[in-house]
Amino acid sequence: LGIILALVVVSLGAYTRLTHAGLGCPDWPGCYGFIDVPETAEKIAVAEKAFPERPVEPQKAWNEMIHRYFAGALGLLVLALFILTVKYRNENAPVKLAGFLLLLVTFQAALGMWTVTMMLMPIIVMAHLLGGFTTLCLLYLIYLRTSRFRIASGDYSLRSKIPLAFVAIIVLTVQIALGGW
C-alpha cells in the first residue's frame, strides 16, 4: 500500500507541476487559510482579502491540495509502518530503515512547505522531487527486506553488472534532477 501511495504522491506532484499549480495555494498546510479550497463567493472574498497578491484559482488549488492530502496520508502510513516495525521487532524488521524513512518523509513535508513559501525555488523543487523518489525506493527496499520471496543469496550471476547498474542509477538520478530543476 505504501509503495502504491508513494507512486501516486510522486505522480500527483508531477501533475501539480505540469498544470502550473505549485502555487495554487499560497500558504501551507492549508489553502488561503482554509483546510480545503475556498469555492463559495464568501470564502473566495475572505481568501482574496487575506492574500491580495494571489487570486483564487480553485482548479489549481485543488490540484495542489489533493497532492497534499495524499502526501499526508503517506506520512501517516509511514509513521504507522515505523511504529509497527518497532513494536514487532524481529530479525527481518528493518527498524533503522523505517526510522530513516520516517525522518525522510518528515523532511519531505518541510520541503513541501518551502516549495510554496519560497515561491517554487528550483533547488527546493528538485530536492522535493528527489525526496519523493527516494521515499518510493525506501518503501520498496523495506518490502524486499520483509518479503518471503527472496532471491537466493548464492546467486552471483548479476555481480558483474553492479558497476553498470550503479552508473545507470547515477545517470537516471541526474536526469530526474535536471527535469525537476
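The values are calculated or read from the model by the stated rules, or taken from the named source; none is laboratory data. Values in this document were obtained by computation on a predicted structure and should not be read as measured data. Heads up, the Cβs are rebuilt from the backbone with ideal geometry, glycines too, and the neighbour counts pull from every protein chain shown. Protein only, heavy atoms only, side chains kept; ligands, DNA and RNA dropped before computing areas. Shrake-Rupley method; radii C 1.70, N 1.55, O 1.52, S 1.80 Å.
Think of each Lys and Arg Cβ as +1 and each Asp and Glu Cβ as -1; about the Cα centre, that makes the dipole of the chain roughly 880 debye. Each Cα pair under 8 Å and six or more residues apart adds its sequence gap; the mean of these over the residue count of the chain is a relative contact order of 25 percent.
3J(HN,Hα) couplings calculated from phi for the stretch 121-128 with the Karplus curve 6.51 cos²θ - 1.76 cosθ + 1.60 (θ = phi - 60°) are, in sequence order, 4, x, 5, 6, 4, 5, 5, 5 Hz; Gly and Pro show x. A straight chain from LYS96 to THR146 at 0.36 nm per residue would run longer than the Cα-Cα distance by 16.7 nm. When cysteine pairs in the chain are screened for C-beta atoms closer than 4.7 angstrom, the residues that find no partner are CYS137. Heavy-atom accessible surface of ILE83, to the nearest 10 Å², is about 90 Å², with a 1.4 Å probe and all protein chains retained. Protein-only accessible surface at a 1.4 angstrom probe places the residues SER160, SER11, SER147 in the order SER160, SER11, SER147, largest first. Placing a pseudo-label 7 Å from each Cα along the Cα-to-Cβ vector at VAL86 and VAL46 gives an inter-label distance of 3.7 nm. Every helix of 4 or more DSSP H residues in the chain counts as -39500 (n - 2.57), and over all residues that averages to -23500 deg cm²/dmol at 222 nm. Working note: Karplus 6.51/-1.76/1.60 with θ = phi - 60° gives the stretch 17-23 the couplings 5, 5, 8, 6, 9, x, 10 Hz, where Gly and Pro are set to x. A full extension of the chain between TRP28 and ILE162 corresponds to an added length of 44.0 nm, given 0.36 nm per residue minus the alpha carbon distance. Proximity of backbone amide H atoms, modeled 1.01 Å from N, is registered between TYR32 and ASP27 at under 5 Å, excluding neighbours fewer than 5 places apart on the same chain. Once all protein chains are placed together, TRP181 keeps about 150 Å² accessible to a 1.4 angstrom probe. Counting only lysines at least 8 places from LYS49 when in the same chain, those with an alpha carbon closer than 26 Å to its own are LYS60. Partner lysines whose Cα lies under 20 Å from the Cα of LYS96, excluding those fewer than 8 positions away in the same chain, are identified as LYS87.
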